[in-house]
Amino acid sequence: MMKTGFGFLVLFLLTCTMAMAQTDSLQRAADSLRVVADNLRRADSLRRDSIKIDTNLLNRYRIEPRRNALPQRLRPVQIQPELIPVTMLDYKVSYWHKYVIFGMNFNQAGFSNNWAGGGVNSFALNGNLDYKIEYNKQPFTYTSQLILLYGRSKNKDQLSRKSNDRIFWDNKIATQMSKSWFFFGSLSFESQFDKGFSYDGNGNRTLISNFMAPGYITESVGLEYKPNGYFDLRIGTGTARQTFVLDTVISNKTGPNYGVTQYRTFKNELAFQAVAAFDKEIMQNLRLTSRYQLFIPYGRSLKNVDHRLDVTIAARVNRLISVTVTGVALFDNDTSPSVQSNENLALGVLYRFP
């Protein structure tokens, strides 16, 4: 009995000891949790005190759902590479290029009746048009150029006189043979607009020229040398030129009549022709344009070789105003046995586009 009671006593003491140990552990755990909770509350209190949230800014980025919006099924997005063919994107290649130069020059002088130095009231007007169009699609090229010149001057107590008059239209088609050489064929026309007169010392005038009196049509076939964009040389080994004098007043008079026999209106010649052209802006706002033509008729003496040189220097003052100097030197034994020349200095409007 004594042993049994002692055993129960020992068991009771062990149970109480274990219960007290568990109670101490639970107390320590509760104290730790209270410390953590206090730290979290202090941190939350500090965060609320230090960070201010702008609710208006948040509402600005809020996306409200549409009213009565139906639910949508979202499909997964798949990203994969695709090859896009390269196209011209509606760009069109133009093989045509053109430019137009239009000029108008005025010249006027006036004197009072008692001007001691002497002088005559005068007025002059000159106009020019240069139109050029090119088609270039290798190996073929086509060029057409039209030059129109006309001018008149009027002095006091005199009839108005023509100061400039020319129609020139040149057409050329070529195919490229090498880098700088082409085989070409050309057709050109040259005449004038108005009647031309010669004047004697008494002011009497005589009709010497008119439209298609003379008029020239020239066909040429040969080689062209074009090393760059501003110079080209045509060598026409097979060239034919027709001369027309369709005004009977001029064709019936005695004289050279531009190489056409009296009472006739037509003449045909075969010849060798060379044409050299130069067109370049040699300095800023200063452009030089020149054209030299050599015409050697077959079966005639060298004194019948024709030469013509046209030179134009244009100095641009601004976009519209320019100073232009033009000069022509011509030798044609069928017209005159000596060299003919003219020059013109003008200040006026010169517009080139594009």
Under 4 °C and 1.567 mPa s, how fast does the stretch 218-267 diffuse according to Stokes-Einstein, given a Kirkwood radius computed over C-alpha pairs? Answer in µm²/s, whole number. 98 µm²/s
Counting only heavy atoms of protein chains, what accessible area per residue, in Å², does the stretch 155-294 have with a probe of 1.4 Å? 54 Å²
So if R0 is 51 Å, what FRET efficiency would residue 353 and residue 79 give, r being the distance between their Cβ atoms, rounded to the nearest 0.05? 0.50
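Among 137/179; 195/303; 162/195, which pairs are too far apart, with a Cα-Cα distance over 20 Å? Don't skip to the end; give the middle numbers.
Details: 137/179 14 Å; 195/303 28 Å; 162/195 8 Å.
Violating the 20 Å Cα-Cα cut-off are 195/303.
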Just grab the label-to-label distance for residue 266 and residue 204, each label 7 Å out from Cα along the Cβ direction, in nm (one decimal). 3.6 nm
Ranked from highest to lowest mean number of other Cβ atoms within 10 Å per residue, what is the order of the peptides 306-316, 150-160? 306-316, 150-160
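Would you please put 263-274, 206-217 in order of how densely packed they are, using the mean number of other Cβ atoms within 10 angstrom per residue and starting with the highest?
The packing order, highest mean first, is 206-217, 263-274.
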The distance between the Cα centres of the stretch 275-319 and the stretch 194-221, in whole Å, is 22 Å
In nm, give the distance between the simple-model label positions of residue 253 and residue 223, each being 7 Å from the Cα along the Cα-to-Cβ direction. 4.5 nm
Charge sum, other residues only, whose C-beta stays under 12 Å from residue 228's C-beta, Lys/Arg counted +1 and Asp/Glu -1: +1
Taking N as its residue count, the alpha carbon Rg of the stretch 121-247 over 2.2 N^0.38 Å: 1.39
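Pick out, in residue order, every one of the trypsin sites (Lys or Arg not before Pro) in the stretch 79-141 that is DSSP loop and has at most 12 other C-beta atoms within 10 Å; say none if there are none. Could the numbers behind the result be given before it?
Working: sites: 92, 98, 132, 137; in loops: 92.
Passing both the DSSP loop test and the Cβ count: 92.
The values are calculated or read from the model by the stated rules, or taken from the named source; none is laboratory data. In this text the structure is predicted, and so the values were computed from the model without any measurement. We place every Cβ from the backbone using ideal geometry, glycine too, and count neighbours over all the protein chains shown. All accessible areas refer to the heavy atoms of the entire protein, side chains included, with ligands and DNA or RNA removed. Shrake-Rupley method; radii C 1.70, N 1.55, O 1.52, S 1.80 Å.
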